Amino acid sequence: MIKQLTIFLYICGAALSSGLLLPSDLKPHLLKSQVLNGRPLKTGVYNENCESAPGNLLDISVENCTNIETCKVITKREYNVKIDFIPEGIASSNLTWRITNDEKILIEKRVVGDISPGLKYTVTYSFAFDSSAEGKLLPVKFQILDNPSQRVEICATSLMDVSAWHMVPEILSRIRAPTFRNEDFVITSYGAVGDGVTDNTDAFKNAIETCNAAGGGRVVVPPGKFLTGAITILSNVNLHLMEGSTILFTHDISKYPNVRSRTEGMELINYSPLIYAFEAENIGLTGNGTLDGNADCENWWPWNGRNSNLEELCNITEAHPGQAASLALLTDMVARNIPVEERVFGNGHFLRPQFVQPQRSKNVLIEGVTLKRSPMWILNPVLCENVIIRGVTIDSKGPNSDGCDPESSRDVLIENVKFNNGDDCIAIKSGRNNDGRRVNVKSENIIIQNCEFQDGHGAFTIGSEISGGARNIFCQDSSMSSPNLEQALRFKNNALRGGLIEDIYIRNIHISELYNGTSSSRGMILSIDFNYQEGSAGDHSPIVRNVDIRNVTATTANYAFYLRGFPSDRITDVWLYDCHFDNVVRANVIEFVDRLQLDNVTVNGEIFTITEEPYDCVIFSGTLIWRITATINGVEEKISEQSLGKVVLPGIEQAISFTLLFSTKYEGLTFPISFAIVDPSSQRVEICGSAQLDVSTWHMVPEILSRIGPPTFPNQDFSILDYGAVEGGEILNTEAFKQSIEACNAAGGGRVVVPSGVYLTSAIKLLSNVNLHLVEGSRILFTQNTTTYPIVHSRWEGMELMNYSPFIYAFEAENIALTGTGILDGNADCEHWWPWKGRNNNLELLCGIIEGFPIQDDDRNVLLDMVERGVPVEERVFGENHYLRPQFVQPHRSKNVLIEDITLVRSPMWILNPVQCENVIVRGVTINSTGPNSDGCDPESCKDVLIENVKFRTGDDCIAVKSGRNADGRRLGIKSENIVVQNCEFEDGHGGFTIGSEISGGAQNIFCQDCVMSSPQLEQALRFKNNAVRGALIEDIFIRNIKISELYTGTSPSRGMALSIDFYYEEGPAGNHTPIVRNIDIRNVTANKANYALYLRGFPQDHIEDIRLYDCHFDEVQHPNVIEFVDRLQFF
């Protein structure tokens, strides 16, 4: 569904939501207010002060406020408020609770429930202040009042100190320097010679490996110059450079082995960074010595090709060989989603390595060292957590020599660093183009303070490799000073990169000198530019919003503001307070910016303001109307028109707000609209505004992805070997798994590690804050002994019951993960689990069994009957002596779930089945199980789910979005929503991307993009299946960029559909519950061959509605389309 658009003219009312009052604690309700635009109290309202409120206030508490009199509130964060009181003056069911500020209502809603004087009541609700309140001290009153008389019964006051900066102490409390054992390993003891000539690569390697094997410590570099190739730092190792020491990196490229790294935000196999770490924990690079990358005019730098730095430093206009061809090849591989392991560069290519790149590592300290002459990017932590960069000096002017680029990293502190480099000093990044979106890890919770910026392209920069997004970035108390510093505060992006940049906070920056030469593209104090490099030539919206800048001063610059959004993608919500820019040479550039707000901002000594048209009526009328028109494909359409319904007086400031909902027919269109206030008697337009609207539900995807993030775990491991596990695949290790998981959970969480080997076990139950991690070469083999699987509360084919535990199970857990490169082996085969299905094509194909025995049919029918009769779940007991197969992995009613990189084989039935879960990531998983009912991934009644980079080869639907079956689905009434599927590969299966059939709770806002389907055994590509027994509403499904290179084209007339929407699945019309499928938007789907392009079968009384296909091409189609009872099927 296209989102409702709320339009405010001049002044808007407060946003309102709900609350309850009963004599018990209640579930909080989120309320958000636009503080500056709160609704004024009505004239004559009895706004009693708190002292005279007659009710007895027993207690009031605001979550996380130790002293409610002055409450520190983080912008945009939800806070719970609890009030205990005894009413004295009123007995009513017509009450209101309210938060007010300065005679304005910020939050208000009716209180539900009768009350009587003298009884104790509790009201619980929540609020959040949006970004318009940032930096404000708001005196507020919490009130409960009688609605008819507006008499206040209960009243309390508080001073709300609203600031996102209150997050900084929170973030800093999580950032801690790693600690190391007090033992030194001096490299000269391992053969190192500090003469600047001897190759010490092996000495560094041996010293680090010895230190790591001993449990960690310092690898010490004494005074001297030590030549070496690439250095890999291992866990618990601090590479420490003493005063007078230099590590000099060799020009011999053979000393830099190929490793998995990132270059310019794209993953590849390339020359190792000069100092590298991969999946390490507790690592340091410290001391007062020097790291010399040894790049110069003959080595590394010339590979960049044409570059102004190269010309200035080396007098080289264009070098050869250059990186252009290799970079273009890598960019193409990324665009085509070539697996990283096949993107092999290194020798024979010319992609320079980074200087220091810890990747996928935790607890990283870089302190005190000096870095110079880097090949390209200097400090580049990638996918790291808990990073400190402190007291470092960076002095490197070569091409692309960014100083510090934290990329897709979180909880990062950069302080007391001196930058003098040849590109951006600091550049926050999160991956480039498809790779950034594929990995999809934002940079967040980054603090920069007390730094000095000299030469560079941008001092504090975000972008341009920012496709994964960035948020909660703080920069403070820093100085910038150089005539060669081209931009001070720089945001760069384009429509190829895309990504959401939001919640950026900057304060106390002094710019004593900045470029102010003749170039019109340099010298900006604040630059936010969507036109970087490729500019608008792409399909991925760059979003920059909520940038708060305070107390920035500059004594010289070319521009104060250089802000260039797109007409379709505008920069939004940029605030500047107490900023003063002098000796500014050029006029500001401000294009396509919404809500640029300035408070005490001067340019060249004069207050700088943004001019807006006043709302000043000059006619007297009681019959004014507002009208919205749009020009679509050259034709003007009236979108909306309504009488104002009130008298308008000339010269008086007045306000109107209204909402606008674009119907699905506008999906994917970009068009201008005009909204006007008109005197209908003369058609004279009194007020007129315009906007360019890009109407697309795909704009929801960045919103959804911004809410989805992987759980984090304490940095501690619990090996199952320490709890008695024995590998070999013969001894049952159920107890060892149980004890290690319970110990990990009791200790606050961490990783339960499964080392290399085969481990036999029964069901495994994950607990909160536990990451079950399978290392390379490990295999968890599940026993075929059914008596060892306990009975638990689960779902089976969309129905709740007590049954055999899923092989990996969680119930009401938070922060859980199943990760690593090992294998989960369900051990199902032709004699165990699979035969219970009964008659099945897969069983016949795999096992030569026409029908197994015993089979599930009787138990299934009993369960179906129990569901229809509403039998309580605890009485629906199955398990031993019944034949309902367990799922492989089922987290149930859980939050913050990560399933990453593992391989799953031989499942009893459904493989990945998160049920009633929120914030779920399934990423990089390989599923290879073709037994009966082996659906690959079935998110069921879940919200905020990301499924990406998964390879499916299954015996049933690859992905099937579900929400419960029949009466159970309707009883729970939890739809599946906000699910993003992207960059997946589908091979064998009944359906590639499927919705249904257990969908009685409904589904909406499902997005599938950038996937490949290819197998002659894939029976249907895009599949929607339902019937009149299931029923429910499936709507707002968006699919794009799907390539079907091969699909079933055999003799069966019920297979081989590119798009199938079928209400006749299984029971068909034999029920009373209407199946509804509407608003399906499909774009850029291609199929090389298929039995049917379209197979659409609604019911005569229940039609399929609003199916739109754009730019879709189906070749070698064997059969005519089947289209029955479909309304508004459109092709473009």
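The values are calculated or read from the model by the stated rules, or taken from the named source; none is laboratory data. For clarity, every value in this text was computed on a predicted model and none was experimentally measured. Virtual Cβ from ideal backbone geometry, glycine too; neighbours counted across all protein chains shown.
Yes or no: segment 1076-1099 includes at least one residue that is part of a loop (DSSP other than H, G, I, E, B), at negative phi and out of contact with any Asp or Glu (no Cβ under 8 Å at 6 or more places or on another chain).
yes
Applying the selection to segment 993-1026, what residues are under 28 Å from P702 (Cβ atoms), touching a Ser or Thr at 6+ places or on another chain (Cβ under 9 Å) and not β-branched (V, I, T)?
Matches in segment 993-1026: G1001, G1002, A1003, Q1004, N1005, F1007, M1013, A1021, L1022, R1023, F1024.
Out of the residues in segment 503-513 that are free of Cβ contacts under 8 Å to residues at least 60 places away in the same chain and within 16 Å of C451 (Cα to Cα), state the one that is surrounded by the fewest Cβ atoms within 10 Å (Cβ to Cβ).
S512
For S464, are the conditions met, namely being in a strand (DSSP E or B) and assigned by TED's automatic domain parsing to the domain that holds R545?
no
Using the structure shown, decide if N516 is among the polar types (S, T, N, Q) and in a loop (DSSP other than H, G, I, E, B).
So N516 passes the test.
Somewhere in segment 997-1009, is a residue touching a Cys at 6+ places or on another chain (Cβ under 7 Å) and of a type in the set (A, V, I, L, M)? Give the derivation first.
Taking segment 997-1009 first, the residues touching a Cys at 6+ places or on another chain (Cβ under 7 Å) are none.
No, that holds for no residue.
When residues of segment 1049-1096 are filtered for being of a type outside the set (F, W, Y) and closer than 20 Å to S1015 by Cβ, how many remain?
The total comes to 20.
With respect to V552, is the statement that it is under 30 Å from H699 (Cα atoms) and modelled with pLDDT of 95 or more true? Working first, answer last.
Values: under 30 Å from H699 (Cα atoms): no; modelled with pLDDT of 95 or more: yes.
No: the conditions fail for V552.
If you take the residues in segment 163-212 that are closer than 13 Å to L227 by Cβ and of a type in the set (S, T, N, Q), which one is surrounded by the most Cβ atoms within 10 Å (Cβ to Cβ)?
Out of the qualifying residues, it is N200.
Quick check on segment 487-502: of everything there that is charged (D, E, K, R) and modelled with pLDDT of 95 or more, which residue is nearest to D455 (Cα to Cα)?
R490
All but one of (1) among the charged types (D, E, K, R); (2) without any contact (Cβ under 8 Å) to a residue 60 or more places away in the chain; (3) part of a strand (DSSP E or B) hold for D411; which doesn't?
Among (1) among the charged types (D, E, K, R); (2) without any contact (Cβ under 8 Å) to a residue 60 or more places away in the chain; (3) part of a strand (DSSP E or B), the lone unmet condition for D411 is (2).
For segment 128-162, name all the residues that are buried (at least 17 other Cβ atoms within 10 Å of the Cβ), polar (S, T, N, Q) and in contact with a strand residue (DSSP E or B) (Cβ under 7 Å, 6 or more places away or on another chain).
S131, Q143, S158
How many residues does segment 455-477 contain that are on the phi > 0 side of the Ramachandran plot and crowded, with 24+ Cβ neighbours inside 10 Å?
Here is the first cut: in segment 455-477, the ones on the phi > 0 side of the Ramachandran plot are 456, 463, 469, 472, 477.
After this cut, where a residue has to be crowded, with 24+ Cβ neighbours inside 10 Å as well, the list is 456, 463, 469.
Residues flagged as on the phi > 0 side of the Ramachandran plot and crowded, with 24+ Cβ neighbours inside 10 Å within segment 455-477 amount to 3.
Please work out if I394 is farther than 16 Å from E452 by Cα, of a type outside the set (D, E, K, R) and touching a Cys at 6+ places or on another chain (Cβ under 9 Å).
Taking the combined requirement at face value, the residue does not satisfy it.
With respect to E279, is the statement that it is in contact with a strand residue (DSSP E or B) (Cβ under 9 Å, 6 or more places away or on another chain) and within 23 Å of I466 (Cα to Cα) true? Can you show your working first?
On the way: in contact with a strand residue (DSSP E or B) (Cβ under 9 Å, 6 or more places away or on another chain): yes; within 23 Å of I466 (Cα to Cα): yes.
Considered against the rule, which asks whether it is in contact with a strand residue (DSSP E or B) (Cβ under 9 Å, 6 or more places away or on another chain) and within 23 Å of I466 (Cα to Cα), E279 comes out as yes.
Scan segment 257-300 for residues that are crowded, with 22+ Cβ neighbours inside 10 Å, closer than 24 Å to P399 by Cβ and among the aliphatic types (A, V, I, L, M) and jot them down.
If the condition is that a residue be crowded, with 22+ Cβ neighbours inside 10 Å, closer than 24 Å to P399 by Cβ and among the aliphatic types (A, V, I, L, M), then M266, L268, L274, I275, L285, L291, A295 are the ones that fit.
How many residues, within segment 519-534, are buried (at least 16 other Cβ atoms within 10 Å of the Cβ) and within 25 Å of the chain's Cα centre (by Cα)?
Number of matching residues: 5.
Considering only residues that are part of a strand (DSSP E or B) and free of Cβ contacts under 8 Å to residues at least 60 places away in the same chain, look in segment 1021-1030 and name the one that is surrounded by the most Cβ atoms within 10 Å (Cβ to Cβ).
Result: F1024.
Output the strands (runs of 3 or more DSSP E) that fall wholly within segment 710-797 and possess 3 or more residues being buried (at least 17 other Cβ atoms within 10 Å of the Cβ), β-branched (V, I, T) and touching a Gly at 6+ places or on another chain (Cβ under 6 Å), or say none.
Details: elements: 717-719, 750-754, 757-761, 770-774, 778-782, 791-796.
So the answer is none; nothing clears 3.
Consider P1120 against the criteria (1) within 29 Å of G1001 (Cβ to Cβ); (2) outside any strand (DSSP E or B): it satisfies all of them except one. Which criterion is unmet?
Here P1120 meets the rest and fails (1).
Suppose we filter segment 237-264 for residues that are touching a helix residue (DSSP H, G or I) at 6+ places or on another chain (Cβ under 6 Å) and under 24 Å from N363 (Cβ atoms); how many remain?
1
Is there a residue being part of a strand (DSSP E or B) and either out of contact with any Ser or Thr (no Cβ under 8 Å at 6 or more places or on another chain) or farther than 18 Å from E502 by Cβ (or both) anywhere in segment 529-538? If you could, list the steps in order and put the result at the bottom.
Taking segment 529-538 and keeping what is part of a strand (DSSP E or B), we get 529.
Okay, now just the ones that are also either out of contact with any Ser or Thr (no Cβ under 8 Å at 6 or more places or on another chain) or farther than 18 Å from E502 by Cβ (or both), so 529.
Checked against the condition, which is being part of a strand (DSSP E or B) and either out of contact with any Ser or Thr (no Cβ under 8 Å at 6 or more places or on another chain) or farther than 18 Å from E502 by Cβ (or both), segment 529-538 yields at least one hit.
Just wondering, is there one or more residues in segment 479-486 that are of a type in the set (A, V, I, L, M), at pLDDT 95 or above, part of a strand (DSSP E or B) and closer than 16 Å to N421 by Cβ?
Among the residues of segment 479-486, at least one is of a type in the set (A, V, I, L, M), at pLDDT 95 or above, part of a strand (DSSP E or B) and closer than 16 Å to N421 by Cβ, which makes the answer yes.
Taking the criterion of being modelled with pLDDT of 95 or more, in a strand (DSSP E or B), closer than 28 Å to N493 by Cα and out of contact with any helix residue (DSSP H, G or I) (no Cβ under 6 Å at 6 or more places or on another chain), would at least one residue in segment 278-299 satisfy it?
No, the conditions are met nowhere in segment 278-299.
Would you check which residues across segment 165-206 are more than 41 Å from the chain's Cα centre (by Cα), in a helix (DSSP H, G or I) and not β-branched (V, I, T) and list them?
S189, Y190, D202, A203
Across segment 967-987, which residue is nearest to G436 (Cα to Cα) among those that are buried (at least 23 other Cβ atoms within 10 Å of the Cβ) and modelled with pLDDT under 95?
Selected residue: K975.
Residue by residue, here is whether (1) surrounded by 21 or more Cβ atoms within 10 Å (Cβ to Cβ); (2) charged (D, E, K, R); (3) part of a strand (DSSP E or B) holds:
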| site | (1), (2), (3) |
| --- | --- |
| V1012 | no, no, yes |
| L1033 | no, no, yes |
| F1038 | yes, no, yes |
| K1043 | no, yes, yes |
| A1058 | yes, no, yes |
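Restricting to segment 883-911, give me the number of residues that are crowded, with 24+ Cβ neighbours inside 10 Å, over 21 Å from the mean Cα position of the chain (by Cα) and in a strand (DSSP E or B).
Here the count works out to 3.
Among the residues of segment 840-868 satisfying the criterion of being among the hydrophobic types (A, V, I, L, M, F, W, C) and touching a Ser or Thr at 6+ places or on another chain (Cβ under 9 Å), which is surrounded by the fewest Cβ atoms within 10 Å (Cβ to Cβ)?
Only one residue fits best here, namely L845.
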